[in-house]
Every structure is written in structure tokens, then in C-alpha cells.
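Each value in this text was obtained by applying a stated rule to the coordinates, not by laboratory testing. As the structure is a computational prediction, the values presented were derived from the model and not from experiment. Here Cβ is always computed from backbone atoms with ideal geometry, including for glycine, and neighbour counts include all displayed protein chains.
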Amino acid sequence: MNTQKKAAQTRFIVAVSLFAAALISALSLTALGNRTDSYWVAKNALAPGVEISGDQIEQVKVALGESSSRYFSSRTTLIGSFITRAQSAGELISIDDVSDLAPSQRTQQVPIAVRSSDLPIDISIGEAINIYWVPEPSMGGVQIGMPEIVVKGAYIRSIDRKSANFSSDIALTISLIDSQIINLLDATVSGRLVIVRALE
């Protein structure tokens, strides 16, 4: 009988211990989930390309839980960085909406087509290039304008040499800074683009 009583007491103690452990765990998770931290928000509406200054952002305390990794905490210095997407007043600043580079220095990928004869035959992906614009001769056979460089320090991201099987053009994807994109697109309206391997 004593053995049965002791076994019942043991089961009761174990049950109480498990219940207490579960309760403490639940309370701990709730406390962690409700924990607030300081994050950066825009004080006023910010346009893309704006360089962040101290008077444009402020700290707020919020509980983000699992979403906290998507936003800048107050421990991160944002002054001097650049906004890449429009921000509304009071909006939390996402890590996807800020860049250390000014808009003129950020790179984009642009597809172009060039004649197979205007591209070094052994050029490969990742190489640095310069791009020149060469005017085509007019109806009378006279070349109007002089060749000029339109892009410096771009990089080859992809080469589709198979496209030359169906035409004389080779499709390229070029990585270049934002400020050079308009010059490149203007140059594709008329004339030819010549790819030149950039010297080290």
C-alpha cells in the first residue's frame, strides 16, 4: 500500500513539475514576443535617392517579433545612406530600402545587342569593358559625327553567342552604373556599339 501511495505521490510531483515548466515556458515566450526594441522610422516623407540626415529619421519603440530582422534597429547608423524606395512619414525603414551607394553609383543590368564583329571574340563574362558609339554612314556614304565613348567601366554579365546563329548580332547583358544608362540607350538609337576590353 505504501508503495502505491509513494508512486501516486511521485506521479503527482512529476505532473506538477511538468505543468510548472510548461507555464514558465509559455510566459517566457510571451515576454519575448512582446519585447519592444527601438527602430528607425522616417520623420517625414522621403523620396528615392535622398541622402539620410539626422533630422529625417527618428527612433520608435515597437515589438516586431520575427519581423525584426527586416528593419533597421536604432543600433544601426543610417546617416549618410541613401533611400531607394519612397518612404511615408512614420514608416519603419526596411533594410531593403536603403543603400550605401548614391543613385549615380548603383549598378543596373541592361540588355544590348552588338554586331559579332564589334565584340572581342575571346571576351568573357565578368570582364570590364568600355563601350563606344560609332555613327553609320549617311545615304551619301558620308559618316556624320565622330566615334565617341558612351560607357566606361561596365562589366559583362551574360553573353548569348547563340543569337548570332539567327542574325549578325550577339545579345549581351551589361552591368553599369545608373548615370551611364541614358547615354547607352541614346547610343542604341542610331549607329553601332563597339565593345572594347578595358585595360587594367
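The figures follow:
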item: Ordering of 123-132, 102-111, 148-157, 169-178 by burial proxy (mean other Cβ atoms within 10 Å per residue, highest first); result: 169-178, 148-157, 123-132, 102-111
item: Under 19 Å from the Ser38 label point (7 Å along Cα→beta-carbon), backbone N, the stretch 77-118; result: 77-81, 90-95
item: Proximal charge balance of Ala42 [Cβ under 10 Å; K/R count +1, D/E count -1]; result: -2
item: Neighbour net charge for Val134 - beta-carbon separation under 12 angstrom, K R +1, D E -1; result: -1
item: Cut-off 14 Å between beta-carbons: net charge of the residues surrounding Leu92, Lys and Arg +1, Asp and Glu -1; result: -1
